[in-house]
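To start, the structure itself, in structure tokens.
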Amino acid sequence: MEVKELNFVVNGKPYKVDVRTNWTLAQVLREKLGLLGTKVGCGEGECGACTVLMNGETVTSCLVLAVQAEGSEITTIEGLASADKLHPVQQAFIDAGAIQCGYCTPGMVMSAVALLNRYPDPTDEQIRYGLNGNLCRCTGYQKIFEAVRLASKRMRGEA
Amino acid sequence: MFNISYFAPAKLSEALEYLYEHKEAKVLAGGTDLIAKWKKIGHPDMELLDIRNIENFAEISEGKDGLFIGAGAKMAAVQYNSAVNEKFPILAWAASVVGSVQVRNLATIGGNICNAAPSADTVTPLIVYGAEAVIVSKKGERRCLVKDFFTGPGKTVLQSGELLKGFVLPYPEKGSKAAFSKHGRRIGMDLATVGVAVNACVDGGKIKDVKVALGAVGPTPIYVTGLEKFAGAMANEAAAEEIAALAEKQAKPITDVRGTEEYRKDMVYENVRKCLKKAFA
Ligand SMILES: Cc1cc2nc3c(=O)[nH]c(=O)nc-3n(C[C@H](O)[C@H](O)[C@H](O)COP(=O)(O)OP(=O)(O)OC[C@H]3O[C@@H](n4cnc5c(N)ncnc54)[C@H](O)[C@@H]3O)c2cc1C
Ligand code: FES
Ligand code: FES
């Protein structure tokens, strides 16, 4: 079984770990680094539960081999909050009641963060487009929509 | 099983040497097709050549004879690139409807073509824009029109040792206008049931040149033939209907979960007609 050394930065912290070449990024984050916030749902790119930021862009970490993350900067759900405060998107998900079972939430929040980076004041269409790679089986999406709106307002200082 | 050897060179020459030495090696770009498939078929052993680090592989640049798009350019890059949007708008559009944000941040345009799925969204625009694929190997470089690139489902003209370097898209003629449609069961995150791209050059109300390509209605993407005879014809509804009927005839769809053969044929007709109407306007 081939093993390679992987050097990358996760949530601002540099890591040097040995990984098997057949491991996915999601596996390394969860099993090697113990960052269990990132979920694996489908394992084939469809559900978005495993979404993380790789060099600032959302990717489904179940489709990325760990070795492909060499030299990259990864942000997981654990890396969003500051020491004393949740990220505004996290807080909005709580306040809007956008979480039920919670399995989709980490991935959904990562996509919402990326969405608001691109469109600070998104239209409904842009929210739908930005989140269409994230499935939720519980909420019916309406509360998630409201959470994104709320986060957008707060981040722009309107609420 | 489960063993992967992985090589990610920064130099094209190293990549080509590796491909020459390792006949079974698979090229890894974004991995959205390759890794997903590898998981589905039980994680077989693989030798992977990751091309993402190769210098200039993701470049998009305006050359003299056309726009060059590197095989490693991601869908997100194609979608938002200003030259693509300005000169080849339906290619940007097609890239913008591939999968999800996450998929487009990984998936490359080269992978979309090399995977050779009949439903691949960026293929039909590349065909009607007359794009050429630039293919490299240790022996040198060759070119092949994208319309001639596919030999069967999942099969292309690429030979062992060859790599797709990118595409050259000749700048569109004055007076030409393209249109695209991805007909599916839902708007986001689905493969096309029927894909259509058209590109028409109209001069003084008359057709100078018209190209039509179809996706998801045959073993490979389909370039509709026999349209030369429309040169000189009026660019009107009647011509659009006649061309749509020709396209429908050449479509060879199958029945699957996304639609029946008959439905797909109908949708080819409808979507080609609608796209031509836009392109003639
Ligand atoms: C959830 C999901 C949704 C999707 N939705 C769509 C969709 O809506 N529309 C659509 O068209 N596709 C869709 N796809 C398929 C896929 O994302 C695209 O085909 C994508 O463009 C493939 O590019 P890649 O870089 O990921 O290719 P990879 O998976 O890296 O490679 C694909 C194939 O091409 C070969 N290859 C790649 N680059 C080269 C090269 N430069 N030279 C030679 N061979 C090469 C590889 O060896 C492999 O066989 C989807 C995939 C997923 C997982
Ligand atoms: S687990 Fe990665 S997309 Fe579903
Ligand atoms: S809250 Fe349960 S899947 Fe979204």
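The values are calculated or read from the model by the stated rules, or taken from the named source; none is laboratory data. In this text, all values refer to a predicted model and were calculated from it rather than measured experimentally. Note that we place each Cβ from the backbone using ideal geometry, even for glycine, and neighbour counts take in every protein chain shown. The accessibility values were calculated without ligands, DNA or RNA, using every heavy atom of the protein model including side chains. Shrake-Rupley method; radii C 1.70, N 1.55, O 1.52, S 1.80 Å.
Give the number of residues within segment A:38-60 that are near ligand 2 (Cβ under 6 Å from one of its atoms) and among the polar types (S, T, N, Q).
1
With respect to the conditions (1) open to solvent by less than 80 Å² (accessible area, probe 1.4 Å); (2) within 12 Å of chain B (Cβ to nearest Cβ); (3) away from ligand 1 (no atom under 16 Å from the Cβ), A:LEU131 falls short on a single one, namely (3). When segment B:100-124 is filtered for residues that are of a type outside the set (A, V, I, L, M, F, W, C), more than 19 Å from B:GLU59 (Cβ to Cβ) and assigned to a helix (DSSP H, G or I), the ones remaining, listed by number, are B:GLN102, B:THR124.
When segment A:110-124 is filtered for residues that are open to solvent by less than 20 Å² (accessible area, probe 1.4 Å) and not in a helix (DSSP H, G or I), only A:PRO122 remains. Could you please let me know if B:ALA247 is within 22 Å of the chain's Cα centre (by Cα) and part of a helix (DSSP H, G or I)? So B:ALA247 fits the description; yes. Filtered by the rule that a residue be at the interface with another protein chain (Cβ under 10 Å from one of its Cβ atoms) and buried (at least 19 other Cβ atoms within 10 Å of the Cβ), segment B:5-35 gives B:TYR6, B:LEU28, B:GLY30, B:GLY31, B:THR32, B:ASP33, B:LEU34, B:ILE35.
Do we have any residue at all in segment A:43-50 that's more than 15 Å from ligand 1 (Cβ to nearest atom) and over 15 Å from B:LEU106 (Cα atoms)? Checked segment A:43-50: no residue is more than 15 Å from ligand 1 (Cβ to nearest atom) and over 15 Å from B:LEU106 (Cα atoms).
Taken over segment A:1-34, the criterion of being in contact with a Leu (Cβ under 8 Å, 6 or more places away or on another chain) and of a type in the set (Lys, Arg) is satisfied by A:LYS16, A:ARG30.
Per the listing B:VAL128, B:VAL78, B:VAL97, the residue uniquely open to solvent by 30 Å² or more (accessible area, probe 1.4 Å) and touching a Lys or Arg at 6+ places or on another chain (Cβ under 9 Å) is B:VAL97. Of the residues making up segment A:24-38, those that are within 19 Å of A:LEU53 (Cβ to Cβ) and away from ligand 1 (no atom under 16 Å from the Cβ) are A:GLN27, A:VAL28, A:LEU29, A:ARG30, A:LYS32, A:LEU33, A:GLY34, A:LEU35, A:LEU36, A:GLY37, A:THR38.
Which of the residues belonging to segment B:54-88 are of a type in the set (Gly, Ala, Ser) and under 14 Å from the mean Cα position of the chain (by Cα)? Passing the criteria: B:GLY70, B:ALA71, B:GLY72, B:ALA73. Residues considered: B:ILE54, B:ILE90. Of these, the only one that is in a loop (DSSP other than H, G, I, E, B) and open to solvent by less than 50 Å² (accessible area, probe 1.4 Å) is B:ILE54. Against the criterion of being more than 9 Å from chain B (Cβ to nearest Cβ) and either at pLDDT below 95 or surrounded by 17 or more Cβ atoms within 10 Å (Cβ to Cβ) (or both), A:ILE144 qualifies.
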